[in-house]
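Some notes on the structure that comes next.
The values are calculated or read from the model by the stated rules, or taken from the named source; none is laboratory data. Keep in mind that this is a model prediction, so the values were computed, not measured. A quick note on method: Cβ atoms are made from the backbone with ideal geometry, for glycine too, and the neighbour counts reach across all protein chains shown.
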Amino acid sequence: MPRPERLLTVHWILRTLILLAVCFVLLALFGCAPVKQEPVTPHVVTQTVTKYVSVPDDLTTPCPIDQPKARTVAEAVRVARARKDALITCNKQLDAIRSLGK
């Protein structure tokens, strides 16, 4: 028959081993806790897109150039006024064309 001191030592060793096993199991379970992942936040991407706009036909019509029909002062004045009006019209067309891209 084994000695009582030896039985106490075996019980103490078994209890210690069981306690260590339980501690290892608990530590392993705590280590398996899910880790919260940070949500992926989208970032804004800005991209410049060049868009070509077709010019309307009424803005591309050629401007008329008046020619004198006679060699008189009145005809020269009429042609000068007509050419000035044509130049103003052409400048308005150019301004309208420039404003298309904005």
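Things to note:
- Sole exception among (1) in the same structural domain as ASP95 (by TED's automatic domain parsing); (2) within 30 Å of LYS102 (Cα to Cα); (3) not aliphatic (A, V, I, L, M) for THR72, by number: (2)
- Summed over region 17-56, residues that are of a type outside the set (A, V, I, L, M) and either within 30 Å of LEU94 (Cα to Cα) or touching a residue at least 24 places away in the same chain (Cβ under 8 Å) (or both) total 7.
- Pairs where the first residue, in region 76-96, is not assigned by TED's automatic domain parsing to the domain that holds ASP66 and the second is modelled with pLDDT of 90 or more and surrounded by 15 or more Cβ atoms within 10 Å (Cβ to Cβ), C-beta under 7 Å, 6+ apart: none
- For region 15-53, taking the residues that are aliphatic (A, V, I, L, M) and under 17 Å from the mean Cα position of the chain (by Cα), the one that is nearest to SER99 (Cα to Cα) is identified as VAL49.
- Count - residues of region 27-62 that are surrounded by fewer than 10 Cβ atoms within 10 Å (Cβ to Cβ) and in contact with a helix residue (DSSP H, G or I) (Cβ under 6 Å, 6 or more places away or on another chain): 1
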